[in-house]
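The values are calculated or read from the model by the stated rules, or taken from the named source; none is laboratory data. Fair warning: this is a prediction, and the values are worked out from it, not measured in the lab. For the accessible areas, the whole protein counts, side chains as well, though only heavy atoms, and no ligand, DNA or RNA atoms are used. Shrake-Rupley method; radii C 1.70, N 1.55, O 1.52, S 1.80 Å.
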Amino acid sequence: MDAKKAQSKGKRWQAIAESAAKQSKRTIIPQIRQPLSFQEALQESLKLDVVLVPYENERGMDATREIIHGIKRGQSIGIFIGPEGGFAPEEIAQVTKREAMYKISLGRRILRTETAGLATLAMLVYELDD
């Protein structure tokens, strides 16, 4: 994506985030940044307390429940959603090496990219929202 197009899309995405935050009565409006490469995202994830990586080959939901139950209120959480076709094996190998990155399952079905993020957020809201 060229710089002009990236800037235009960034403004549009920020407007959508602001509108959605107001509609859902959020007190914090998410800040939209330009897309990152996988390596850049790994570096950024070091700033977070917990990073969840939905992965279609991960063990069952019991492990996912255990990981989500272990998240404490107030911890910063990141979610890595893979592209259509999933993460490459070498990307998953890098996730496995990181201490605060957890591969989780979203169930027996493989979800589309746009659905996987929503499913992960729904699980987090169910567990962490009061």
- Among the listed pairs Lys9/Lys72; Lys9/Lys97; Lys25/Lys72; Lys72/Lys103, which are separated by more than 24 Å between their Cα atoms? Lys9/Lys72; Lys9/Lys97
- Message: Considering all alpha-carbon pairs of the range 42-93, what whole percent are spaced by more than 15 angstrom?
- Response: 54 percent
- Query: How large is ³J(HN,Hα) for each residue in the range 95-108, as worked out from phi by the Karplus curve 6.51 cos²θ - 1.76 cosθ + 1.60 (θ = phi - 60°), to whole Hz, x for Gly and Pro?
  - Reply: 5, 4, 7, 8, 5, 9, 9, 10, 6, 10, 9, 10, x, 6
- Keeping all protein chains in place, calculate the accessible area per residue for the range 1-110 (probe 1.4 angstrom), answer in Å². 72 Å²
- Taking the square root of 5λ for each eigenvalue of the C-alpha gyration tensor of the chain, the equivalent ellipsoid has semi-axes, largest first and in whole angstrom, of 24, 20, 15
- Message: If I compute solvent accessible area with a 1.4 Å probe over the protein chains, what percent of it on the chain is carbon and sulfur?
- Response: 53 percent
- Query: Given the rule -39500 (n - 2.57) for each run of at least 4 DSSP H residues, summed and divided by the residues of the chain, what is its mean residue ellipticity at 222 nm, to the nearest 500 deg cm²/dmol?
  - Reply: -15000 deg cm²/dmol
